[in-house]
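I have placed the structure first, in the form of structure tokens, so that the comments after it can refer back to it.
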Amino acid sequence: MKKSEKTKGREKVAARRQQYKLAGIVAVVAIIVICAAVYLVFYSPGVVAAAGDTVSVTYTGMFENKTIFDSNVNGTPLTFTIGSGTMISGFDAAVRGMRVNEEKVVNIPADQGYVYNPGLVQTVPRSMFQTNQTISPGEQFSFQSSVDGRTRVVTVLSVNSTGVTVDANSPLAGQNLIFDIKIDSIQKASTGSNATATATS
């Protein structure tokens, strides 16, 4: 006995509904997977910065009165290896435990910032400057070290006929500082894997 056209039509409709249902389930699963992948890439909840990791950060540095003295926002991120000694201790400690795309404001006391070193105050011969050059206290000059080749900025403290007393300490030395820090990327030391994020406004 042949099925009626009506029965056949109902079976086709039911089959289409089943197909749509399966397609819907597949689409939902795909969306969940994509969202999870995006979350892991942009927020990397399981990746935290630790000693030996190389991080890239965006920062704004301020004095206690909130006057900005330096910032790389909208510029090139600062990249360094945690624990390598290239950063002031307070900044180095602040990024430990942070995650990609995480942002925080930290107060760094003077003893964890640019520590003032009296040994960096020296009197150099007047002959190191041009003969007719006018030198006044407060002026800054750049000198290339004969020891390590690095260029350092020194501030003139006093001047007399034979010598010039200069201070090679950072102008930030001895000051309490505030940094607004955001982690842009973390490269783990142990695996070499990267956790990257694009800064969002």
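Tallying residues that are within 25 Å of residue 169 (Cβ to Cβ), hydrophobic (A, V, I, L, M, F, W, C) and without any contact (Cβ under 8 Å) to a residue 60 or more places away in the chain within region 43-94 yields 7.
On the given criteria, is residue 161 modelled with pLDDT of 90 or more and of a type in the set (S, T, N, Q)?
So residue 161 fails the test.
Within region 55-78, the residues that satisfy the criterion of being surrounded by 13 or more Cβ atoms within 10 Å (Cβ to Cβ) and closer than 17 Å to residue 185 by Cβ are 55, 56, 57, 58, 59, 72, 77, 78.
The values are calculated or read from the model by the stated rules, or taken from the named source; none is laboratory data. The structure displayed is predicted, hence computed values, not measured ones. Here Cβ is always computed from backbone atoms with ideal geometry, including for glycine, and neighbour counts include all displayed protein chains.
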